[in-house]
Every structure is written in structure tokens, then in C-alpha cells.
């Protein structure tokens, strides 16, 4: 049986694109993106996306595979800089400052806008050294006692300390998958970011580990702004306050999560939410 591509599916639905519907902008943005285009060589992956990321809230980016969710996410801390053929156009502001200006150090930017990847990627170091690595590089502590406190605090915030407190010098790679992902979150927290980007952080985890990650996200939003890419609409509904639906590199609809999942405004959003394509 032939599987339809997203473009074929879109054509069969006879749906035309319009400007983004809903509420892409907000009153208290931590990050504002305007007219963002992303190209891989001659292929345009993101088309004219304007979206605000509200401070101290969780926004979920949803949509079919290949729709541009992760590509857009990577523009928010210039991870696309690591891809030679990638070009980003438009404006991305963090607290009103352009993160793509030439004087912006990407390393310092990524300390403010941290990232947790789909697959846990602990360093081949001890649990302690995984968390301490960033603070050491950035000179965030003055002595061993301060570093110890920061490592402990980061592990507590990541919901991992009680499980590892007696084996901090054991390899981080020896933890379970869910524990490794929380270790990576602790490592991200340790450099005291303002924003945490999460690219499908629970997709490789079992349901119990996924539940712990989701509980952690709900706790972290008190101190951090969080952007999460997820293929699980149930997960988006559980953890986010706002949801943005992407399709074929375009931002179709943005709104309060409850509204998006119960009364979407755009036909493409409604058909994706109800499982008729994607």
C-alpha cells in the first residue's frame, strides 16, 4: 500500500494555506520570532513564521513528521549554525535582543537557551561531572562547595537527586534511559538558562519514565520558559499552556492548548488533531 506524502495528503484535502490563525503573539514574550524562513541549500524548510514564546509557560509544537517543528526549534538557540548549508532569515529576539546579530556569541546564547534532545546523550563522565561540566566551563561557581551545591540543586530540580545521591561518581551512561534524560535536563539546568528547548524528550522512553519527564516539565515552568516538540498530542495536552501547529514548514494555527484540541479554527489543524492525516 502506498503511503501518501504530506503534500499528497494536503492536495487530496483541497485545503489552501492562509495566514497563521489564532493567537501567534502574546503580551509577555520571552522570545519573539518574526517572518522566519529557513533554507537547507535551495530547499526551504520554514516559511515566514512569526510566533511569540511566552515567559514562564510551556508551548508545544505539533504537526506531521517533516513539518518543520524541530528545524524551527533549532533556530531559537542557533543550533542550525552547525549545519553548513543552512540559512536563517527573519528576526528572532530574546528579551528584545536579536540573537543573530554578529556580536552574539552562540555559546553564551546556548547557556541562556538550553536544549534537551530526543535521545539522551550523557557525557562519558560521572553523574557529578555531567552536571558540573557547564558551570565549570562558564565559571559559575567560585569553589568546590558552591559547585557541589549547584550540582545537587540541579539534580533536585530534575527530580533525580534521591535516585543517584549515593553514586554521584558512577558513570552517567550507566543510568536507565529515563534517568539519563533527567540527567541531561539537570545538565541543562546547571548553567542557569532562561529557556529550555525540548526536542521530543520522551519519545524514546517507556510510559513510567515519560510520566516522570512530564511531571518534571510541569514543575520546571515555574522557573523556565519551555518549548517542546512532540509527536504525542496527549503529551502536548498534558504539559503545555499553548500549542502551535505546523504543516509543510508553515505555522498554521496557534492558541491555548485546550482550544486547539477541542475547537481548532483551521481545517488542517482539525484534520490532524482528529487523526485524518499526519
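Residues in region 109-140 that are more than 15 Å from residue 187 (Cβ to Cβ) and without any contact (Cβ under 8 Å) to a residue 24 or more places away in the chain: how many?
Result for region 109-140: 1.
What's the number of the only condition in (1) under 21 Å from residue 200 (Cβ atoms); (2) modelled with pLDDT under 95 that residue 86 fails to meet?
(2)
For residue 93, indicate whether it is assigned to a strand (DSSP E or B) and either surrounded by fewer than 18 Cβ atoms within 10 Å (Cβ to Cβ) or out of contact with any strand residue (DSSP E or B) (no Cβ under 7 Å at 6 or more places or on another chain) (or both). Spell out the reasoning first.
Values: assigned to a strand (DSSP E or B): yes; either surrounded by fewer than 18 Cβ atoms within 10 Å (Cβ to Cβ) or out of contact with any strand residue (DSSP E or B) (no Cβ under 7 Å at 6 or more places or on another chain) (or both): yes.
Yes.
Which numbered condition in (1) farther than 13 Å from residue 87 by Cα; (2) surrounded by fewer than 23 Cβ atoms within 10 Å (Cβ to Cβ); (3) modelled with pLDDT of 95 or more is the only one that residue 65 fails?
The number of the failed condition is (3).
Can you tell me how many residues in region 75-90 are surrounded by 16 or more Cβ atoms within 10 Å (Cβ to Cβ) and part of a loop (DSSP other than H, G, I, E, B)?
Going residue by residue through region 75-90, those that are surrounded by 16 or more Cβ atoms within 10 Å (Cβ to Cβ) are 75-80, 86, 88, 90.
Among the residues that remain, those that are also part of a loop (DSSP other than H, G, I, E, B) are: 76-78.
Result for region 75-90: 3.
How many of the residues making up region 21-65 are assigned to a loop (DSSP other than H, G, I, E, B) and touching a strand residue (DSSP E or B) at 6+ places or on another chain (Cβ under 9 Å)?
Kept after step one, since they are assigned to a loop (DSSP other than H, G, I, E, B), are these residues of region 21-65: 23-28, 41-42, 55-57, 63-65.
In the following step, the residues that additionally are touching a strand residue (DSSP E or B) at 6+ places or on another chain (Cβ under 9 Å) were identified as 23-28, 41, 55-57, 63-64.
Within region 21-65, residues that are assigned to a loop (DSSP other than H, G, I, E, B) and touching a strand residue (DSSP E or B) at 6+ places or on another chain (Cβ under 9 Å) number 12.
Which of the residues spanning region 103-158 are assigned to a loop (DSSP other than H, G, I, E, B) and crowded, with 18+ Cβ neighbours inside 10 Å? Talk me through it step by step, then tell me what you get.
First pass over region 103-158, keeping only residues assigned to a loop (DSSP other than H, G, I, E, B): 103-105, 117-125, 139-143, 158.
Result: 120, 122, 158.
The values are calculated or read from the model by the stated rules, or taken from the named source; none is laboratory data. None of the values given here were measured: they were computed from a predicted structure. Quick reminder, even Gly has a Cβ in these numbers, built from the backbone with ideal geometry, and neighbours come from all protein chains shown.
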